[in-house]
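The structure appears right after this line, and notes come after that.
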Amino acid sequence: MANLKVGVLISGRGSNMQALIRACADEDFPAEIVTVVSNNPEAAGLGIAGDAGLPTAVVDHRDFPDRESFEAALDDVLRAAQADFVCLAGFMRILTGWFVRRWYDRLINIHPSLLPAFKGLHTHERALEAGVRFTGCTVHFVRPEMDSGPIIVQAAVPVAADDTPDSLAARVLAVEHRCFPLALRLIAEGRARVAGDVVTIVDPPSTGEPLLNPREA
Ligand code: GRF
């Protein structure tokens, strides 16, 4: 089966994009990155993508009078690169219903919390303030409402008593880098099927033990 052709949208550091690049470097991985597009010309991830030999583009939102024209330009770049799927990897612009519908069920995002908890920004600060025992990350199909949509993969990360937002962010980021390639693989293999609000995984590997935090003595 031909590889899924993926466009990756970034705004900054690009570590999740880099995790996808690494995954795609494996010849058995069923997807390939055809373009990396940033709305931010200063995004460090552009350099990482360029060093990996990938085509990059900048579509700077500040060059456009409104969201619609910005998104039309993004869409043009993705189509010119012949992308048939889009990964939002730290892309910091809210997308309109127009873009989401245009890429419906072909557009996924990674978010640093266990959705539907802690949508939006500053997730780790808010998780610590709320005193949750677990947080984590979510890869989901994008729907017009921010940080919502059918969940493909989640990973739970226990919160430690002495965690700071930065220490928690670092542990969540490490699992983000595993979850995003996994979600993309499941989709590219046709094993993540959306029906309504729910994704069904075909042939899921058996899950492990429940995670308890704190652990039983
Ligand atoms: C990640 O935490 C991701 O979940 C969120 O933005 C951050 C991007 O980091 N959407 P990076 O640019 O992938 O390093």
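The values are calculated or read from the model by the stated rules, or taken from the named source; none is laboratory data. Computed from a predicted model, the values in this text were never measured in an experiment. Heads up, the Cβs are rebuilt from the backbone with ideal geometry, glycines too, and the neighbour counts pull from every protein chain shown. The protein model used for the area step is the full one, side chains on, heavy atoms only, and it has no ligands, DNA or RNA in it. Shrake-Rupley method; radii C 1.70, N 1.55, O 1.52, S 1.80 Å.
Here are a few things to note about the model shown:
- Taken over the stretch 4-21, the criterion of being part of a loop (DSSP other than H, G, I, E, B) and farther than 14 Å from LEU54 by Cβ is satisfied by SER11, GLY12, ARG13.
- Filter pass, THR56 being in contact with a helix residue (DSSP H, G or I) (Cβ under 7 Å, 6 or more places away or on another chain) and more than 16 Å from the ligand (Cβ to nearest atom): no
- Evaluation of LEU121 against the conditions (1) buried (at least 16 other Cβ atoms within 10 Å of the Cβ); (2) closer than 30 Å to VAL77 by Cβ shows that the sole unmet condition is (1).
- Screening LEU121 on (1) touching a residue at least 12 places away in the same chain (Cβ under 8 Å); (2) within 12 Å of the ligand (Cβ to nearest atom) shows it passes everything except condition (1).
- Verdict on PRO116 being within 16 Å of the ligand (Cβ to nearest atom) and touching a residue at least 24 places away in the same chain (Cβ under 8 Å): yes
- Answer from LEU78, LEU88 - the residue that is more than 11 Å from the ligand (Cβ to nearest atom), at pLDDT 95 or above and among the aliphatic types (A, V, I, L, M): LEU78
- Within the stretch 129-168, being part of a strand (DSSP E or B), in contact with a helix residue (DSSP H, G or I) (Cβ under 6 Å, 6 or more places away or on another chain) and surrounded by fewer than 22 Cβ atoms within 10 Å (Cβ to Cβ) holds for one residue alone: ALA155.
- Some residue of the stretch 138-161 being within 11 Å of the ligand (Cβ to nearest atom), in contact with a Gly (Cβ under 9 Å, 6 or more places away or on another chain), farther than 25 Å from ARG102 by Cα and not aromatic (Phe, Trp, Tyr): no
- Entry remark, the stretch 170-211: residues being open to solvent by less than 50 Å² (accessible area, probe 1.4 Å), out of contact with any Cys (no Cβ under 6 Å at 6 or more places or on another chain), among the aliphatic types (A, V, I, L, M) and within 24 Å of GLU145 (Cβ to Cβ) number 8 in total.
Each row is one residue, and each column tells you yes or no for (1) among the acidic types (Asp, Glu); (2) within 22 Å of CYS179 (Cβ to Cβ).
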residue: ALA2; (1), (2): no, no
residue: GLN18; (1), (2): no, yes
residue: GLY45; (1), (2): no, yes
residue: ALA49; (1), (2): no, yes
residue: ASP60; (1), (2): yes, no
residue: GLU68; (1), (2): yes, no
